[in-house]
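In what follows, a single structure is set out as structure tokens and then discussed.
The values are calculated or read from the model by the stated rules, or taken from the named source; none is laboratory data. All of these numbers come straight from a predicted model, not from anything done at the bench. Here Cβ is always computed from backbone atoms with ideal geometry, including for glycine, and neighbour counts include all displayed protein chains. We work out accessible area using only protein heavy atoms, side chains counted, and drop any ligands, DNA or RNA first. Shrake-Rupley method; radii C 1.70, N 1.55, O 1.52, S 1.80 Å.
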Amino acid sequence: MKISILAAAAALMAGACSAQAANIEFWYGNTGPVETAIKAQCDAFNAAQSQHKVTCVGQGSYEVSMQKAIAAYRAKNHPVLIQFFDAGTLDLMLSNAVVPVQEILPDVKWDNYIAGARAYYETSGGKLFAQPYNASTLLFYTNKTELEKAGVTQTPTTWEEVIDAARKLKAAGHACPFVTDGDTWRVLEQFSARHGLPIASRHNGYDGLDAEYVFNTTFVAKHLQNLVDWRKEGLVRLNADTKAGNYTAAFNAGECAMMEGSSGSYAASTKAFDGKYQLTVNMAPMYKGYERHNTLVGGASIYVMKGHDQAEVDGAKAFLDFLRKPEQQMAFTAATGYVPVTNDVLDAINKSGDAKAAKYATAAIGIESMNQPPTADSRGIRLGFYVQFREIFMEETQKAYAGQQTMQVSLDNAKKRGDELLRRFEQTYKSVKLP
């Protein structure tokens with residue numbers, strides 16, 4: 001009897017401990033309107049229940065957040081939840097610092113996630129390593145007001161139509177028909193995915209660490225040379241060519257009439273255009289003759305870091321469940337332009353009566369873009385030291401825009417330097433199997 005009483009008391013104490021409120025930290029890397037939206041979600045979670053409290057800590061950028069989290073993990077002073085951007089996926093998977101989110105939340109209907117978002121963060125066995133969060137994808141923005149002034153009444157859907165519209169804009173006196181920053185994510189990754197082109201062998205690294213870059217031999221090379229030629233013709237502008245010095249700022253100010261931009265840019269564009277111009281948002285343009293495939297998910301996802309007690313893990317689970325709710329995704333989309341990450345949110349938007357509201361303009365088009373027919377090369381990018389490679393790609397291609405070398409030489413150099421990074425990464429993890 002005495003043993004039974006002691007056992008019961010122990011069980012009660014254990015139950016009380018598991019029910020204790022957990023204070024957890026969530027580190028994120030955004031600023032501006034997105035940071036405001038993240039803080040709003042954190043406050044809403046804390047107000048909605050009393051068992052757990054989340055403290056959301058901004059780190060200023062994805063790169064800084066990633067570096068700090070790994071350093072904190074080694075010092076055993078790391079947060080429970082960390083937001084990492086798309087390019088750091090493989091580094092995180094092999095870091096041994098995180099627990100696959102599907103193992104922590106096995107009962108979630110993960111197949112409800114947008115295919116293009118899920119594939120990027122899945123293991124080879126189809127399990128999600130991280131919960132997609134602020135998901136963006138590439139969209140095509142136009143200043144409909146300025147296009148119509150130049151006689152362009154239909155939004156271009158192909159690159160051929162984009163350039164035809166650009167020539168009409170230039171003839172009408174427009175100094176900046178189309179603007180881009182030439183960013184790796186836009187001109188290489190998203191272009192390759194939707195055109196069904198590989199960036200690297202082994203299906204962009206998904207099938208092994210022995211991948212090699214191949215983008216310098218695909219249609220990407222022709223497209224980037226076209227950008228060089230179109231810039232010389234006065235049809236395309238880069239950051240440095242604009243008065244604003246930044247491609248999104250130049251578009252938002254009405255200086256430039258068309259741009260390829262993240263869905264996360266939508267909120268700023270609508271605010272800037274209000275009362276001045278009419279904005280259109282569509283899927284990114286294709287070259288004629290190519291079948292459209294899915295665009296990649298951009299933005300970031302949330303990982304659960306190892307080394308925390310059960311109460312903290314329970315707090316993390318509760319917060320992730322909260323963020324996944326359709327009403328929370330809808331609020332986040334309305335505030336930022338980021339795309340909902342689960343398919344059921346579109347139904348919720350349609351039932352809300354605001355389906356045609358400007359605040360949800362990126363939702364349907366973004367999901368449609370990421371849910372286009374996939375290929376083995378449009379799942380995502382699973383390449384080591386990819387953050388550093390993005391910098392190399394930009395460095396080399398900017399030389400071509402500046403006339404210091406041909407675009408083909410730039411791409412060949414980027415391939416060579418990128419392969420060196422891949423071999424270093426492969427050597428670092430030579431005995432590790434890809435998850």
Task: Reachable aspartates and glutamates, given that their alpha-carbon falls under 20 Å from the alpha-carbon of Lys356 and they are not under 8 places away in the same chain - done: Asp274, Glu327, Asp344, Asp347, Glu368
TODO: Mind giving me the FRET efficiency for Thr31 and Lys430? R0 is 35 Å, r the Cβ-Cβ distance, nearest 0.05 is fine.
DONE: 0.40
- [ ] Using a Gaussian network model of the chain whose springs link C-alpha atoms within less than 10 Å, name the residue from Ala335, Ala87, Ala348 with the highest mean-square fluctuation.
- [x] Ala348
TODO: Would you mind getting the accessible area per residue of the chain, heavy atoms of the protein chains only, 1.4 Å probe, in Å²?
DONE: 42
Task: Loop-resident sites, the range 257-342, for trypsin sites (Lys or Arg not before Pro), counting at most 16 other Cβ within 10 Å (DSSP) - done: Lys276, Lys288, Arg292, Lys306
TODO: Would you list which lysines come within 17 Å of Lys144, measuring only between C-alpha atoms, while excluding same-chain residues fewer than 8 positions from it?
DONE: Lys168, Lys170, Lys271, Lys276
Task: At 0.692 mPa s and 37 °C, Stokes diffusion of the range 50-199 via Kirkwood alpha-carbon radius, µm² per second - done: 171
TODO: Go ahead and run the numbers for FRET between Asn246 and Asn23, Cβ-Cβ distance against an R0 of 35 Å, rounding to 0.05.
DONE: 0.35
Open item on the list: Suppose each label sits 7 Å from its Cα in the direction of the beta carbon; what would the Asp274-Lys76 distance come out to in nanometres?
Closed with: 5.1
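Determine, for each peptide in 209-220, 138-149, the mean count of other beta carbons within 10 angstrom over its residues, then list the peptides with the highest first.
138-149, 209-220
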TODO: Work out, step by step, the length gained on full extension between Val57 and Lys168: first 0.36 nm times the residue separation, then minus their alpha carbon distance; give nm to one decimal.
DONE: 35.2 nm
Open item on the list: So if each residue of separation counts as 0.36 nm, and I subtract the Cα-Cα distance between Ala331 and Ala40, what length gain in nm does that give?
Closed with: 103.8 nm
Task: Glu160 paired with Phe219, simple spin-label distance in nm, labels 7 Å along Cα-to-beta-carbon - done: 1.2
Task: the chain: relative contact order as a whole-number percent, Cα under 8 Å and 6+ apart - done: 25
Task: the range 37-95: trypsin sites (Lys or Arg not before Pro) in DSSP loop, at most 16 other beta carbons within 10 Å - done: Lys76
Task: Rg to Rh quotient for the range 213-355, alpha carbon positions, Kirkwood Rh - done: 1.06
Open item on the list: If every alpha-carbon in the chain counts as one equal scatterer, what log10 I(q)/I(0) does Debye give at q = 0.06, 0.09, 0.13 1/Å?
Closed with: -0.27, -0.59, -1.18
- [ ] Could you tell me the accessible area of Lys168 in Å² (1.4 Å probe, neighbours in place), rounded to the nearest ten?
- [x] 90
Open item on the list: Give the aspartates and glutamates reachable from Lys53 as a straight Cα distance under 16 Å; neighbours fewer than 8 places away on the same chain don't count.
Closed with: Glu25, Asp43, Asp309, Glu312, Asp314, Asp321
Open item on the list: Going by Cα centres, the range 289-355 and the range 193-227 are how many Å apart?
Closed with: 28
Task: Projected label distance in nm at Asn350 and Gln408, using a 7 Å step from Cα toward the beta-carbon - done: 5.0
TODO: Scan the range 397-435 for trypsin sites (Lys or Arg not before Pro) in coil per DSSP, keeping those whose Cβ has at most 14 other Cβ atoms within 10 Å, and list them by number.
DONE: Lys430, Lys433
TODO: Measure nothing fancy, just the Cα-based angle from helix 159-171's long axis to the longest principal axis of the chain, in degrees from 0 to 90, nearest 10.
DONE: 60
Open item on the list: Could you work out how much longer the chain between Asp210 and Asp111 gets when fully extended? Use 0.36 nm per residue separation minus the Cα distance between them, nm to one decimal.
Closed with: 32.7 nm
- [ ] Could you list, in their original order, any pairs among Lys149/Lys359; Lys68/Lys416; Lys232/Lys399 whose Cα atoms are separated by more than 18 Å?
- [x] Lys149/Lys359; Lys68/Lys416
Task: Separation between Cα centres of the range 82-111 and the range 164-188, rounded to whole Å - done: 37
- [ ] In a Gaussian network model over the chain where Cα atoms closer than 10 Å are linked, find which of Tyr290, Tyr133, Tyr338 has the largest mean-square fluctuation.
- [x] Tyr290
